[in-house]
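Structure record follows, encoded as structure tokens.
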Amino acid sequence: VLRLVRSGCGRADPAEMISTLPPLTSDLRVTPALLTSLAHRVIAHQETYRQSGGLHAVALFDRQGKLVVIGEDIGRHNALDKALGHCILRGIPLGDKIAYSTGRASYEMVLKTVRAGIPILLSRSSATTLAIDLAEKLNCTLIGYARGDRLSVYAHPERIVE
């Protein structure tokens, strides 16, 4: 008997979820230098993390690398929801933004960023196999281990240019 075990919190079938999501279309192009600079900016703005020592953050940046918003929470999904909610409530367009997460890039994180229209998702941590598969199908640039000068590009590297 073959069983699929996944770490996600949701109960929905990922294949069913992407059936209603069109692949992203975006002309966003960024340099590796811009992407590697984002981790330092997130750390510099993690006020609550410095006080508590144990929170995730998701920051949204524009195409020039300017910080738009940072959301912090004990859960990486909630941190993403806070950042997205901030932009949605203020009418800030998301189709040209970059999301940087301090937590693992799971399929749920990919689905949320794609649903919001964000074409690039970076994670300071790893990406799951299912997240990579979904990012590939949904035309999302997915990057893991975004620390220091290191980037592991898992899907759609064409958005990263010199």
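The values are calculated or read from the model by the stated rules, or taken from the named source; none is laboratory data. As the structure is a prediction and not an experimental result, all values here were calculated from the model. Cβ: placed from backbone, ideal geometry, glycine included. Neighbour counts: every protein chain shown. These area figures cover heavy atoms from the full protein model, side chains too; ligands, DNA and RNA do not enter into them. Shrake-Rupley method; radii C 1.70, N 1.55, O 1.52, S 1.80 Å.
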K66: which lysines have alpha carbons under 25 Å from its alpha carbon, excluding same-chain residues fewer than 8 sequence positions away? K82, K97, K112
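Tally the DSSP beta bridges in the chain and give the antiparallel ones as a percent, rounded to 5.
Details: 14 of 23 bridges.
So the antiparallel bridges amount to about 60 percent of the total.
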Relative contact order, percent, of the chain when contacts are C-alpha pairs under 8 Å separated by at least 6 residues? 24
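How do 16-23, 59-66, 145-152 rank on mean C-beta neighbours within 10 Å, highest first?
Numbers: 16-23: 11.4, 59-66: 16.5, 145-152: 14.6.
For the peptides 16-23, 59-66, 145-152, the packing ranking is 59-66, 145-152, 16-23.
What FRET efficiency, computed as 1/(1 + (r/R0)^6) with R0 = 22 Å and r the Cβ-Cβ distance, is obtained for E16 and E136, rounded to the nearest 0.05?
Result of the calculation: an efficiency of 0.80.
Per residue, what volume in Å³ does the convex hull of the Cα atoms of the chain enclose? Each step should come with its number before you reach the end.
Numbers: hull volume 19.4 nm³, N = 162.
Spelled out: Cα convex hull of the chain, divided by residues, is 120 Å³.
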Per 0.36 nm of contour for each residue apart, how much would the distance between D96 and I43 grow if the chain were fully extended, relative to their Cα-Cα spacing? 16.9 nm
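Determine the per residue accessible area of the chain with all protein chains present and a 1.4 angstrom probe, expressed in square angstrom.
On the way: 8220 Å² over 162 residues.
Counting only protein heavy atoms, the per-residue value for the chain is 51 Å².
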In square angstrom, rounded to the nearest 10, how much accessible surface does R76 have for a 1.4 Å probe? 40
Of I88, I143, I43, ordered by accessible area with the largest first and a 1.4 Å probe, the sequence is I88, I43, I143
Sorted by mean Cβ packing within 10 Å, highest first, what order do the peptides 30-40, 77-87 take? 77-87, 30-40
